[in-house]
Amino acid sequence: MSQSDRFLRACRQQPVDATPVWLMRQAGRYMAEYRTLRQKYSILELIKTPELATEVTMQPINAFNLDAAIIFADILTILEGLGLGLDFVRGEGPIIHNPVRSAADIEALTVRPPEETLGFTLEAIKLTRRELAGKVPLIGFSGAPFTLASYAIEGGSSRNYITAKSLMYGQPQSWHKMMDKFAVAIGQYLRAQAEAGAQALQLFDSWVGALSPADYREFVLPHSQKAIEIATAGSDVPLIHFGTGTAGMLPLLKEAGGSVIGVDWRLDMADAVQILGDDVALQGNLDPVVLFAPVKEIQRQAALVLDSVSGRDGHIFNLGHGILQHTPVEHVAALVDFVHEYSARL
Ligand code: CP3
């Protein structure tokens, strides 16, 4: 078995020679190579220039012994295609200039073919596949309906999602109409990424843990399910369904779909196995802040994660959420190598 197979085999719950590892947000500001490019280009320029997106995607692959690449893009670019104005403002994060607040705003959201609105990312996927030359598989991704709705309605990052939830509770019909548009746009975008060459897909529902399980079931699950169905119908592309703060709703995430469920560090992996059963693969779940600890402690904590799922096929090692900005790069290298060495001995 070669390194090129490990990740996809684990997604399919097949035995592997060592546990595959990749890190959410593995391309980014903690790497000097990325910061150098960012001095010349904005994040949207990097994303919208396929050659640059490919270069950034390859940076962590060239620096570490990772088992998968993830295309350099952002979950929010899909909102531009729907008619929303997107900017990243230094120090403030993402801004939506014309947030969705009324039934008329929802009416105005238009689902266009991904080839028209997100062709740059599809092109970057084709270029990156050539550049990777089979070394490791390439993951495509999208934000999930709830997480995208939270940005579209709040107009940026949020703490309590009061505006988004107010629309959800106060105008449920409009909410469902909007979520259906997101589901179709997301499903088609993911599907187009797979057709362009992405060998696995990840749906990021990063902020879904803000919801009660009952609200997830009523207001979100059918839409995530529809997006996943459109994305994967008639194909065997693995899909990783990820969220944070989901300990109380993991069976619902599984019901919505995905061959792999991504979990954060607030739940022990052994408990995730108990909750989810044997018929789905798992991804996770080291606390990203552990990467700031001494290497010995990083190794101890990574071993705890690996031990908690040892003997069960279908584990992809990852952080429980994206890698943080000031993470020491040598700690990343040490983690990746340790995961391979330790899991090969288990
Ligand atoms: O994983 C990868 O290497 C692929 C690249 C990737 C980016 N964003 C690039 C990016 C991925 C997978 C994302 C997903 C994403 N984007 C999520 C879901 C993942 C998660 O962490 O929950 C979310 C919520 C976003 C939205 C987003 N994009 C925010 C809130 C910000 C600003 C945050 C900040 O720290 O400024 C971004 C910008 C962004 N997207 C950066 C990167 C590398 C940093 C921007 C920069 O270079 O200045």
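In table form, for the structure just shown:
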read-out: Hey, A69 aliphatic (A, V, I, L, M), open to solvent by less than 20 Å² (accessible area, probe 1.4 Å) and near the ligand (Cβ under 8 Å from one of its atoms) or not; value: no
read-out: Where a residue in region 152-176 is assigned by TED's automatic domain parsing to the domain that holds W207 and its partner, wherever it lies, is open to solvent by 70 Å² or more (accessible area, probe 1.4 Å) and modelled with pLDDT under 95, with Cβ under 8 Å and at least six apart; value: G156/E92
read-out: Those residues of region 310-321 which are open to solvent by 10 Å² or more (accessible area, probe 1.4 Å) and either away from the ligand (no atom under 16 Å from the Cβ) or among the small types (G, A, S) (or both), in sequence order; value: S310, G311, R312, D313, H315
read-out: Qualifying residue in region 291-312 (condition: on the phi > 0 side of the Ramachandran plot and modelled with pLDDT of 95 or more); value: no
read-out: Residue list for region 245-271, filter: surrounded by 24 or more Cβ atoms within 10 Å (Cβ to Cβ) and polar (S, T, N, Q); value: T246
read-out: Counted residues, region 92-114 - those being part of a helix (DSSP H, G or I) and within 21 Å of the chain's Cα centre (by Cα); value: 1
read-out: Test: residue in region 26-40 that is more than 23 Å from T121 (Cα to Cα) and either within 12 Å of the ligand (Cβ to nearest atom) or open to solvent by less than 10 Å² (accessible area, probe 1.4 Å) (or both); value: no
read-out: Per-region count, region 147-174, residues within 16 Å of the ligand (Cβ to nearest atom), touching a Phe, Trp or Tyr at 6+ places or on another chain (Cβ under 7 Å) and open to solvent by less than 10 Å² (accessible area, probe 1.4 Å); value: 4
read-out: All positions within region 177-191 that are over 13 Å from D215 (Cβ atoms) and not small (G, A, S); value: K177, M178, D180, K181, F182, V184, I186, Q188, Y189, L190, R191
read-out: Neighbours by Cβ (under 8 Å, 6+ apart or cross-chain): first from region 271-283, free of Cβ contacts under 8 Å to residues at least 60 places away in the same chain; second aliphatic (A, V, I, L, M) and part of a helix (DSSP H, G or I); value: A272/L250; I275/L250; L276/L250; L282/M269; L282/A272; L282/V273; L282/L276
read-out: The listed residue being under 30 Å from P20 (Cβ atoms), open to solvent by 40 Å² or more (accessible area, probe 1.4 Å) and outside any helix (DSSP H, G or I), out of K126, K135; value: K135
read-out: Flag if I323 is among the hydrophobic types (A, V, I, L, M, F, W, C), part of a loop (DSSP other than H, G, I, E, B) and in contact with a helix residue (DSSP H, G or I) (Cβ under 8 Å, 6 or more places away or on another chain); value: yes
read-out: Complete set of residues in region 278-309 that are of a type in the set (D, E, K, R) and either in a helix (DSSP H, G or I) or buried (at least 23 other Cβ atoms within 10 Å of the Cβ) (or both); value: K296, E297, R300, D307
read-out: Counted residues, region 113-123 - those being surrounded by fewer than 19 Cβ atoms within 10 Å (Cβ to Cβ) and either in contact (Cβ under 8 Å) with a residue 40 or more places away in the chain or among the β-branched types (V, I, T) (or both); value: 4
read-out: Subset of region 73-103 [closer than 30 Å to A334 by Cβ and open to solvent by less than 20 Å² (accessible area, probe 1.4 Å)]; value: A73
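The values are calculated or read from the model by the stated rules, or taken from the named source; none is laboratory data. The shown structure was predicted, so the numbers you read here are calculated from the model rather than taken from an experiment. Neighbour counts run over all protein chains shown; Cβ positions are idealised from the backbone, glycine included. Surface accessibility is based on the protein's heavy atoms, side chains included, excluding ligands, DNA and RNA. Shrake-Rupley method; radii C 1.70, N 1.55, O 1.52, S 1.80 Å.
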